[in-house]
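Report on the following structure.
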Amino acid sequence: MAGNDFFLRMCKEAQEELARGDKSWKEIDSNTLLLASFGILINHLAHTLSRPLWFFASSVSAGVIGYLVNLFLRG
């Protein structure tokens, strides 16, 4: 997991360097631009995939809780 944290930190630093505005995206180093792009893509995919999963998990847990309450109230 430490390797992934290191990669995400590099991506965040590249995004911050790009966001500083010292250079435009055309003038910035290609490695920095690539890391910033990967960071933005990873962030977007994480949010795109995690929202439906949280909705599914909350729906299933609400159903299970409702079923248990129903069993408890019946007898």
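The values are calculated or read from the model by the stated rules, or taken from the named source; none is laboratory data. In this text the structure is predicted, and so the values were computed from the model without any measurement. Quick reminder, even Gly has a Cβ in these numbers, built from the backbone with ideal geometry, and neighbours come from all protein chains shown. The area values use the complete protein model at the heavy-atom level, side chains included, leaving out ligands, DNA and RNA. Shrake-Rupley method; radii C 1.70, N 1.55, O 1.52, S 1.80 Å.
Structure notes:
- Unmet criterion (only one of (1) surrounded by 14 or more Cβ atoms within 10 Å (Cβ to Cβ); (2) in a helix (DSSP H, G or I)) for Ile28: (2)
- Residues of the stretch 39-63 satisfying the condition of being open to solvent by 80 Å² or more (accessible area, probe 1.4 Å) and either over 21 Å from Asn4 (Cα atoms) or part of a loop (DSSP other than H, G, I, E, B) (or both): Arg51, Leu53, Trp54, Phe55, Phe56
- Look at (1) of a type in the set (A, V, I, L, M, F, W, C); (2) open to solvent by 60 Å² or more (accessible area, probe 1.4 Å); (3) within 17 Å of the chain's Cα centre (by Cα); (4) modelled with pLDDT of 90 or more and you find that Ala36 fails only one, number (2).
- Residue in the stretch 68-75 that is among the small types (Gly, Ala, Ser), open to solvent by less than 90 Å² (accessible area, probe 1.4 Å) and either part of a helix (DSSP H, G or I) or modelled with pLDDT under 90 (or both) present: no
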